[in-house]
1. Look through Val7, Val57 and report the one residue that is in contact with a helix residue (DSSP H, G or I) (Cβ under 7 Å, 6 or more places away or on another chain), surrounded by 11 or more Cβ atoms within 10 Å (Cβ to Cβ) and either of a type outside the set (Lys, Arg) or not assigned by TED's automatic domain parsing to the domain that holds Leu111 (or both).
2. Filter the stretch 144-155 down to residues that are in a helix (DSSP H, G or I) and surrounded by 16 or more Cβ atoms within 10 Å (Cβ to Cβ), then give me how many there are.
3. Anything in the stretch 91-109 that is surrounded by 15 or more Cβ atoms within 10 Å (Cβ to Cβ) and in contact (Cβ under 8 Å) with a residue 24 or more places away in the chain? List them, or say none.
4. List the number of the failed condition for Arg19; all other conditions in (1) buried (at least 16 other Cβ atoms within 10 Å of the Cβ); (2) touching a Lys or Arg at 6+ places or on another chain (Cβ under 8 Å); (3) basic (Lys, Arg) hold.
5. Here are the criteria: (1) among the acidic types (Asp, Glu); (2) loosely packed, with under 15 Cβ neighbours inside 10 Å; (3) under 43 Å from the mean Cα position of the chain (by Cα). Tell me which single one Glu37 does not satisfy.
6. Scan the stretch 317-336 for residues that are surrounded by 18 or more Cβ atoms within 10 Å (Cβ to Cβ) and over 19 Å from Arg207 (Cβ atoms) and jot them down.
7. Where in the stretch 1-54 are there strands (runs of 3 or more DSSP E), lying wholly inside it, with at least 2 residues that are aliphatic (A, V, I, L, M) and at pLDDT below 85?
8. Considering only residues that are aliphatic (A, V, I, L, M) and over 15 Å from Phe208 (Cβ atoms), which ones fall in the stretch 265-299?
Amino acid sequence: MPSGAGVIEYRGKRGLVFRVKYADADGRQVMETVGRESQGVTRKQAEAALRERLVKVERKGWRRPARLTFREYAGEWVRAGPVKRGWKPATPVRYRAVLRRLNETFGAMPLVAIRPRDVAAYTTAKLEKYAAKTVNLDLNVLADIFKTAIAEEVAETNPVSGVQRPKVRRRKWKILTPAEVTRVAQAFTDGQAQLIFLTLVLTGVRRFELQALRWRDVDLVLSSIRIAESKSEEGERSIALAPTLAEALWQRRRTSAFRGDDELVFCHPERGSRIDHEWYAAEFRKALKAAGVTEYVRPFHDLRHASLTNGVVAGEQPLELMARAGHRSMSTTRQYLHLAGITFPEKAAALEQHLLAGRTFYPTEQVSADAAAPEPLVQASAHRADVPF
């Protein structure tokens, strides 16, 4: 064992603590805490940890990571994301919102000092203020930061691994029926809000995709729109426009003060800036009330779910549906389909024809002797030689 390396026992207020001391490949002294006796750590485990560190120094030239705070490293991580990891423009915006929450707890802490117990405490504290889905997003980002830190050799372990995640309750989606869609569309008092609603239910685009849509992406000759800004490569797609929607978009471009190719399709009526989603949400809620829809409906995501679900009912094929949704796999698309209580009579008839080849069946019943003779179980006129009935 190299000179100066060894296991050090320290007895403090929390009991016996095992630490290891050694030099890295540059000769710098390193002192690490392995754990406390009260946590089940023994001297034998500390000695094993020391041997592991010495092997890394000798064979891999391991060097002690720079003592960065979480705020310093996470800030560089999000700045480098678009170049190093090919993020879409909207991704750093979303991640910075997450980092504001993470920095409240971890910002001043050394990156290498963050432990699973710290992450567990963060989870418990944030669940008192935020929904489980939000906390899970925070943990996902934190895990990605440490994954990169390990690859760049500024951290050794990922403290998020093994931490129990909060359970996200499955949302109850409100899927508007065709009759409700018609009533709500007619109830809007603002023309642009009405057109936004029609675009959402007839295309299934995401909120930020709709907000980023520009006239150069709308082809009114071929009746299609191109989604150029999305969360993934699969999200960059073209979507066919229904005739009613294509005509409505043409009328909007003809009358809008912001009709240039680089102008936004849906925008502030005076400034041409990106449409305020809160404004649309308020207009949508007024239309729901006027249409007599009393259940809570989310103004964007519920309409995306409704569009894809009703697409299935209208006969849209799985691959067509997945392409329109901009999903990478059908398993993701299935999460958007809510078919309970919806029947497909034409599909039932097609299955019957495929399986029974038009034969008619009646239930077998016991009849009295003087009753009329029952009809044949199988109609002879529908006979097919290849079916053994």
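1. Details: Val57 fails: in contact with a helix residue (DSSP H, G or I) (Cβ under 7 Å, 6 or more places away or on another chain).
Result of the check over Val7, Val57: Val7.
2. In the first step, residues of the stretch 144-155 are kept if they are in a helix (DSSP H, G or I); the result is 144-151.
If we keep only those that are surrounded by 16 or more Cβ atoms within 10 Å (Cβ to Cβ) too, we end up with 144-146, 148-149.
Count: 5.
3. Selection gives Thr91, Tyr95, Val98, Leu99, Arg101, Leu102, Asn103, Phe106, Gly107, Met109.
4. Evaluating Arg19 over (1) buried (at least 16 other Cβ atoms within 10 Å of the Cβ); (2) touching a Lys or Arg at 6+ places or on another chain (Cβ under 8 Å); (3) basic (Lys, Arg) leaves (2) as the failure.
5. With respect to (1) among the acidic types (Asp, Glu); (2) loosely packed, with under 15 Cβ neighbours inside 10 Å; (3) under 43 Å from the mean Cα position of the chain (by Cα), Glu37 is out only on (2).
6. Just the residues of the stretch 317-336 that are surrounded by 18 or more Cβ atoms within 10 Å (Cβ to Cβ), to begin with: 321-322, 324-327, 333, 336.
Passing the criteria: Leu321, Met322.
7. Values: elements: 6-12, 15-23, 29-36.
Result: 29-36.
8. Residues of the stretch 265-299 that are aliphatic (A, V, I, L, M), as a first pass: 265, 275, 281-282, 287-288, 290-291, 293, 297.
Scanning the stretch 265-299 gives Ala282, Ala287, Leu288, Ala290, Ala291, Val293, Val297.
The values are calculated or read from the model by the stated rules, or taken from the named source; none is laboratory data. Note that the coordinates shown come from a computational prediction; the quantities given were computed from them, not determined experimentally. With ideal geometry, Cβ positions are generated from the backbone for all residues, glycine too; neighbour counts draw on all protein chains shown.
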